[in-house]
Structures are given as C-alpha cells and as structure tokens.
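One structure below.
The values are calculated or read from the model by the stated rules, or taken from the named source; none is laboratory data. Note that the structure is a prediction, hence the values are computed from the model and not measured. Please note: Cβ atoms are built from the backbone with ideal geometry, for glycine as well, and neighbour counts cover all protein chains shown.
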Amino acid sequence: MGWWVPFVVLFSTALVIALLVTPLARRLAWRLGSVDYPGGRRINCKPLPRMGGIAIFCSLIAGTFMQTLGFRVFGWPSVVVGGMRPPGSVNYPALLLGFCIVFLTGLLDDYLELNPKQKLLGQSLAAVIAVSGGLMIDVVVNPFTNDGIYLGWAAWPITVCYLVAYANIFNLIDGMDGLSAGIACIASITMWVVSTMAGHLDAAALSIVLAGATLGFLRYNFNPASIILGDSGALLIGFALGTVSLLSVQRVAGLTSIIVPLVISGIPIIDTFSAIVRRGRAHVSIGQADKGHIHHRLLDEGFNQRQTVLFIYLWTGLLSIGSIVMTQVGVAPRIAIFCFLIVASVLFAMRLHLFRPVLLHHYNPETGRDELVGPQDEAFEEEAERFEEEHPIFPHVGE
C-alpha cells in the first residue's frame, strides 16, 4: 500500500461527509431560527442559515473514526507511534474533548448568541484541556545559536492564548461567502504538505481531514452561498488549524518551525491585526464590528464578491508556497523569505487602507454628544482624511 492511500481515504471521507451533512445542517439552522440577516460587517443580501460548523465537526469525527478503523483493520501506520512524536506525549482524547467544547461553544452562540465573555470562556476551556493533554511547546530553539529558550510555567498561558487567538482570527475574517472556509482549505493542504515532509503523521492526518471537510462545505458556501459557517464552524476551523500547527512541531520547537504556520495563515492574522490597530486608533472597542476588513476594502476597490474571494485565495496560496519553500532552505534564506512575505503583505495592507478607521467619534453640535459615525454618515470622508493627517499610523512612511 502506498503511503498516500490513507490520506486519500481520509480526505475523501471528510469530503463526502461534508457534502452529505451540510444540507442537513442548513435545514436544522432554518428550523431553529439560527439565521444571519443582512447588516453588520457581513455583506450578504439575503438571510443565510448559520451552523455550518455541524458539517465540519461531523467530518472531523468521521475522519477520526476512519483513521482508527484503518489502523486496526487495514494496517495503516498509527498517527501516534508511526510518526516522530514520542508515544504518550499527547493525550488525543483530551484534544478531541477540546474540539467538542469549542464546537459546542460556537453552536450555542449560533443559536443563543452568547456574549463575548461567555464565548471566550468556552474557547479558553477548550484550549486549557488541549494544553493539559500535552499540546504545547516547552522550549523554543534559537536558529542562530541553537540554544533553547525554556518557557517553563509560561508555556501554559502562551499556548492557551495562541489557540484562542488562532480560533478567533478565522472567526473575524468570516464575513463573505466562501472566504474563511476557502482560506482554511488552502492552509490545511499546505500544512499537510509541511507535516508530511516533517514526518508528523498526526498533524498530517488532521490537516488532510480538515481540507476535505472545508472543500466539501465550500460546495454550499461559495458565492452565492446557501449556508455560512457561523461561529460553530469558524471557531472550530481556527482551533483545528492552531492544533495542527502545534502538532507540526515537537515540544522542543525551532523558531522558524513556529513561524511557518503563521505565514500560512497570514491573511486572517493581518486582517485581525489591522482590525485591532484600526479600532484602537479610533478609540472604539476592539470587539466593535466594522466594515474595514480586507474583503470590504477590496469591494471598495471595485471587485465583486467572487473576484474578492478568489484574489484572497491567490494571496493565501502565494504565502503558502513561500512557507513550504521556507522549510526546504537554510536559516538565512528562511528569514529573508519571511521578511519579504511580511513586508509585501503589510505594504499591500497599507495600500488597501486596512489601518484606516471606518468608525470615528464625532462631536454632534446639535445633540451635544460624542457620537460614533461611519462611512454612511455625511462628511465622514472629510473627517476621516483629517484624522489620517493628525494620526498617521506610520509617521515616516505614510499611507
């Protein structure tokens, strides 16, 4: 049996389950009233059912079952003892429990609309359980000196924050048909390539299952979508990719090995970072939704929805290719490639004005109050330009 056969079976299983379960999830969401209506930061022009995460979760469970079946019945290599990871270093049932908790947190939010603190509590609990199961990095190796930086007790909070952040970056960018699922599919395939070359079979198995799940879901989620991921899907996808990125390295990890997964998910990371900067500059809550994300800016440039999504797919693909090349070259070329990718992406982000606030505080002389205004308000552009002149994000560069 070829080494690639188990991966083909896992990918196909997840793909078929997603294709079969997504229509059922759509029907259930309509029945429960879990519907996303036009408005806010999303740009859909019609009501769309949420709970797409049900299909993603079922695909992940089916992939887990198929991997177990393949090992016990067909003699597939175990993802535990067949890879480079020492047996027992990761408690996989604990990881599965973490996945269940983050999925249920998102599902409850799709149905009941939890407040931010409740969602953060669920995500943090899932991350803590995963970390308690051994999913963490204890030592980071300096690529220049090969000296180890021991994180000690800090490994726990750092890894928990990392997983929670990874979950949320895909949730934040999920504002257009097929966007988050498509980026996740490309990122999953890339992580499968990287994990396979490194011999981390557990990371490779999870990433290829996630690739099949997201590709199958895209059949219904690409523009014009008939269902969206919802928090149940976006949080689960982000958590899964964060898990893959940590499984792709051992507890002792090289700095560049940690950087590669961040490059692969560069678009949602840049989008989240720019949102934090944008809202911070305007003195509004970081949790305040706005229409300043990458896809909104590309729409402002004249792209339609499909063109916008395909452009971001291409951007993600280029970052993914760069990340694969990084794993095949020496330390100096890795750093050079990383710096080029980051600088190019940041410059393009500045070209799209991603750091420019789209919500501003404005004193209304008629009411005597400080009000929050946006592009739909008169004279917003004039006030925004004045704000940019008075508060440049990079004083010596300019946008």
Exercise. What are the pairs, 6+ residues apart or on separate chains, where a residue within region 59-74 that is in a helix (DSSP H, G or I) has its Cβ under 6 Å from a residue that is of a type in the set (S, T, N, Q)?
Worked result: Ala62/Thr13; Gly63/Thr13; Met66/Thr13; Phe71/Ser78
For this session: Evaluate region 157-174: report whether one residue or more is over 25 Å from Asp271 (Cβ atoms) and of a type outside the set (Asp, Glu).
Result: no
Seminar exercise, completed: The condition of being at pLDDT below 90 and over 23 Å from Pro261 (Cα atoms) holds, among Leu354, Leu360, only for Leu360
For this session: State whether the residues of region 204-225 include one that is within 24 Å of Ala94 (Cα to Cα), in contact with a helix residue (DSSP H, G or I) (Cβ under 7 Å, 6 or more places away or on another chain) and of a type in the set (D, E, K, R).
Result: no
Problem set entry | Residues of region 1-20 satisfying the condition of being crowded, with 19+ Cβ neighbours inside 10 Å and of a type in the set (Phe, Trp, Tyr) | Phe7, Phe11
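Take Ile189 and decide whether it is modelled with pLDDT of 95 or more and in contact with an Asp or Glu (Cβ under 9 Å, 6 or more places away or on another chain).
Spelling it out, it is not the case that Ile189 is modelled with pLDDT of 95 or more and in contact with an Asp or Glu (Cβ under 9 Å, 6 or more places away or on another chain).
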Exercise. In this structure, does Ile189 turn out to be touching a strand residue (DSSP E or B) at 6+ places or on another chain (Cβ under 8 Å) and surrounded by fewer than 24 Cβ atoms within 10 Å (Cβ to Cβ)?
Worked result: no
For this session: Would you mind telling me which numbered condition in (1) crowded, with 18+ Cβ neighbours inside 10 Å; (2) outside any helix (DSSP H, G or I) Ala167 fails?
Result: (2)
